[in-house]
1. Report the residue count in segment 294-343 for those that are over 19 Å from residue 201 (Cα atoms), hydrophobic (A, V, I, L, M, F, W, C) and touching a helix residue (DSSP H, G or I) at 6+ places or on another chain (Cβ under 7 Å).
2. How about segment 370-390: which of its residues are under 23 Å from the mean Cα position of the chain (by Cα) and either outside any strand (DSSP E or B) or over 21 Å from residue 235 (Cβ atoms) (or both)?
3. Would you pick out the residues in segment 83-136 that are farther than 22 Å from residue 165 by Cα, outside any strand (DSSP E or B) and hydrophobic (A, V, I, L, M, F, W, C)?
4. Could you tell me whether any residue of segment 49-70 is at positive phi and within 16 Å of the ligand (Cβ to nearest atom)?
5. Return the pairs, sorted by first residue and then second, in which the second residue is of a type in the set (Ser, Thr, Tyr) and in a helix (DSSP H, G or I), the first residue lies in segment 179-207 and is under 21 Å from residue 147 (Cβ atoms), the beta carbons are less than 6 Å apart, and the residues are 6+ apart or on different chains.
6. Looking at 177, 165, can you tell me which residue is surrounded by fewer than 18 Cβ atoms within 10 Å (Cβ to Cβ), among the polar types (S, T, N, Q), in a loop (DSSP other than H, G, I, E, B) and over 18 Å from the mean Cα position of the chain (by Cα)?
7. Can you give me the number of residues within segment 106-118 that are within 15 Å of the ligand (Cβ to nearest atom) and either among the hydroxyl-bearing types (Ser, Thr, Tyr) or free of Cβ contacts under 8 Å to residues at least 12 places away in the same chain (or both)?
8. Can you pull out the residues in segment 71-105 that are within 16 Å of the ligand (Cβ to nearest atom) and among the aromatic types (Phe, Trp, Tyr)?
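The values are calculated or read from the model by the stated rules, or taken from the named source; none is laboratory data. Nothing here was measured: the structure is a model prediction, and the numbers come from that model. Cβ atoms come from the backbone with ideal geometry, glycine included; neighbour counts cover every protein chain shown.
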Amino acid sequence: MSTRETAIASAEAHSAHNYHPLPVVVASAEGAWMTDIEGRRYLDMLAGYSALNFGHGNRRLIDAAKAQLDRVTLTSRAFHHDRFADFCTQLAELCDMEMVLPMNTGAEAVETAVKTARKWGYRVKGVPDGMAKIIVASNNFHGRTTTVISFSTDQEARADFGPYTPGFEIVPYGDLTAMRAAMTENTVAVLLEPIQGEAGVLVPPSGYLPQVREMTRERDVLFIADEIQSGLGRTGRTFACEHEGVVPDMYVLGKALGGGVVPVSAVVSSAAVLGVYRPGEHGSTFGGNPLACAVALEVIAMLRTGEYQQRAKELGDHLHQELGLLVGGGAVDAVRGRGLWAGIDIAPRHGTGREISEKLMDRRVLVKDTHGSTIRIAPPLVISKEDLDWGLEQLREVLRG
Ligand SMILES: Cc1ncc(COP(=O)(O)O)c(C=O)c1O
């Protein structure tokens with residue numbers, strides 16, 4: 001067996017099979033490139049599902065982490081530490097909001113958003129105890145915890161994990177009539193991805209998000225935007241909501257906030273919403289730790305320049321122009337997305353998304369399939385135009401074959 005095959009066999013023997021990774025074993029990475037344990041180089045066109053927006057081994061982020069490692073890494077929230085206030089202030093400023101509640105993973109931040117909306121509903125809106133409802137969309141992906149999968153419509157993610165958490169209404173994504181019909185006086189929030197990533201990079205119909213914004217405002221309902229995958233530069237703006245001129249009541253952030261170095265997530269909102277918490281009501285040992293804050297502060301500083309958003313826009317326009325040319329040629333049924341983010345529906349006779357991903361891997365390009373016949377492209381925002389073009393050429397070659 002090769003070194004690679006041995007490593008994969010060993011991983012399969014000793015880890016739960018909750019993923020079906022491509023058969024590549026990465027040993028190091030830099031920028032948009034990864035190197036496997038046998039020295040082969042691959043172009044990363046997935047970027048850790050947008051956790052690596054700033055690329056692998058980004059010097060600024062690694063230096064910030066190293067400097068913090070030598071000072072203090074963890075205090076727990078039992079004490080204050082000297083990076084916390086800056087992190088909260090600067091993240092709130094980036095979001096044009098007032099308060100931050102830091103967590104670690106995306107799913108935890110979504111759980112936090114759910115708890116916050118419920119508490120706000122009881123304490124501020126006056127919903128009777130235990131009656132709060134949150135409206136979500138079909139085909140959503142918000143994480144893997146028990147409550148979060150309770151409002152998933154994906155059987156693979158849900159089956160065998162019940163009993164499920166009640167309190168959620170599911171309406172079709174993009175359907176305003178259904179959303180209006182689902183709203184009652186006990187609705188405390190609408191939770192949406194402004195672009196549905198896992199569903200295949202689904203962009204809602206133009207006008208949908210602004211009308212949800214209007215409807216939620218009229219009905220005294222919080223609009224929660226899960227920008228864990230869509231936010232922090234990916235779509236060519238800091239937040240995907242900006243494309244539609246929408247400001248939600250609450251952002252849920254994760255992935256790229258930790259710069260691909262450490263898990264950092266957060267709920268960001270107004271004082272009227274996050275101000276509902278009192279000591280002891282919510283928390284996390286690691287949430288807002290000094291190392292996380294130091295890395296995230298650097299991420300925020302990088303986003304403040306607008307440089308990465310601009311890059312995502314320019315390269316994204318190019319990406320979509322090139323991908324658009326593939327539609328109608330027989331191999332690609334549809335392409336969706338915004339900025340450096342695309343979902344490509346492969347015509348079924350050309351193979352499944354998995355088969356296309358494997359063929360691309362053989363050509364040293366790494367992407368990931370979703371929902372049978374779709375592949376997702378989300379390279380690090382630092383990718384060069386030449387590398388992006390080379391990756392696209394490999395895709396064309398695979399589709400030609
Ligand atoms: C929109 C969205 N929300 C939440 C999550 C969950 O994040 P995590 O895997 O960090 O728990 C993801 C992960 O893909 C996501 O795309």
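1. Total satisfying the criteria: 8.
2. Those that are under 23 Å from the mean Cα position of the chain (by Cα) and either outside any strand (DSSP E or B) or over 21 Å from residue 235 (Cβ atoms) (or both): 371, 372, 373, 378, 379, 380, 381, 382, 383, 384, 388.
3. Listed by number, the residues that qualify are 84, 85, 87, 88, 91, 92, 94, 95, 97, 124.
4. yes
5. Listed by first residue and then by second, the contacts come to 190/216.
6. Criteria check complete, one pass: 165.
7. Residues in segment 106-118 being within 15 Å of the ligand (Cβ to nearest atom) and either among the hydroxyl-bearing types (Ser, Thr, Tyr) or free of Cβ contacts under 8 Å to residues at least 12 places away in the same chain (or both): 1 in total.
8. Passing the criteria: none in range.
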